[in-house]
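The structure under discussion appears below in the form of structure tokens.
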Amino acid sequence: MRVAYVGPYFMSGQSLITTKEIATGIKTADDINKPDFSVGVTDGTTSEISARGMMPKARIVVKKTLAEVLDLMLQGKVMGVITDYPTASVVALQYRDKGIISLKPFTVEPVGIAIRPDDFLFVNLMQNFLNMLQINGQLQAMTNRWFENPWWLNQLPAMYQFL
């Protein structure tokens, strides 16, 4: 063990970005594990690995960047994009006017903080701090602030836009 894992402070996973129309009836990865379903993924990512493992029957289109696979989806060349839940949520906020949504994650990926394992007091402090944020609702409030409300997107420089 090289690090002590504190948390999780956020539950992530692999999620599908798609249109409202296509999303109808999709609850699990099994619902898109069909030869007639096309999904875009970014080359060399955990999203590619997850898509290949969860939906081997689907047509998987691999591109170098997220912008490329999103563009394929917006053009109707793939039915959806698999990416991590935070990214999917932000993309859905950015393209909500085009009817793009993100589904709840198909996988479970806890996100935490890596700390030197020999610093027991700091590990304890951080775990107690995260527990406090969880109990008083601040973790949920932060999640809502960044993933539910698009107020901050227009403040991003163009280099951070996905397309």
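Observations
- The set of residues in region 63-90 that are among the charged types (D, E, K, R) and either touching a Pro at 6+ places or on another chain (Cβ under 7 Å) or buried (at least 19 other Cβ atoms within 10 Å of the Cβ) (or both) contains only D84.
- Looking across region 33-68, the residues that are farther than 23 Å from W146 by Cα, of a type in the set (A, V, I, L, M) and in contact (Cβ under 8 Å) with a residue 24 or more places away in the chain come down to V39, V41, A51, M54, M55, A58.
- In region 54-71, residue farthest from V39 (Cα to Cα) [restricted to those that are of a type in the set (A, V, I, L, M) and touching a Gly at 6+ places or on another chain (Cβ under 7 Å)]: V69
- Residue ID - nearest to L66 (Cα to Cα), chosen from residues in region 107-134 that are among the aromatic types (F, W, Y) and either assigned to a strand (DSSP E or B) or modelled with pLDDT of 95 or more (or both): F129
- When the strands (runs of 3 or more DSSP E) confined to region 1-86 are screened for residues that are closer than 30 Å to M142 by Cα and at pLDDT below 95, those reaching at least 3 such residues are found at 4-12.
- Residue check, Q138 without any contact (Cβ under 8 Å) to a residue 40 or more places away in the chain and not β-branched (V, I, T): yes
- Taking the conditions (1) under 13 Å from the mean Cα position of the chain (by Cα); (2) closer than 30 Å to N128 by Cα; (3) aliphatic (A, V, I, L, M) in turn, L93 satisfies each one other than (2).
- Verdict on D43 being more than 30 Å from M132 (Cα to Cα) and over 18 Å from the mean Cα position of the chain (by Cα): no
- When the residues of region 91-129 are filtered to those that are touching a Pro at 6+ places or on another chain (Cβ under 8 Å) and either surrounded by 18 or more Cβ atoms within 10 Å (Cβ to Cβ) or aliphatic (A, V, I, L, M) (or both), the one that is farthest from A51 (Cα to Cα) is V123.
The values are calculated or read from the model by the stated rules, or taken from the named source; none is laboratory data. The structure displayed is predicted, hence computed values, not measured ones. Every residue, glycine among them, receives a Cβ derived from its backbone with ideal geometry; neighbour counts consider all protein chains shown.
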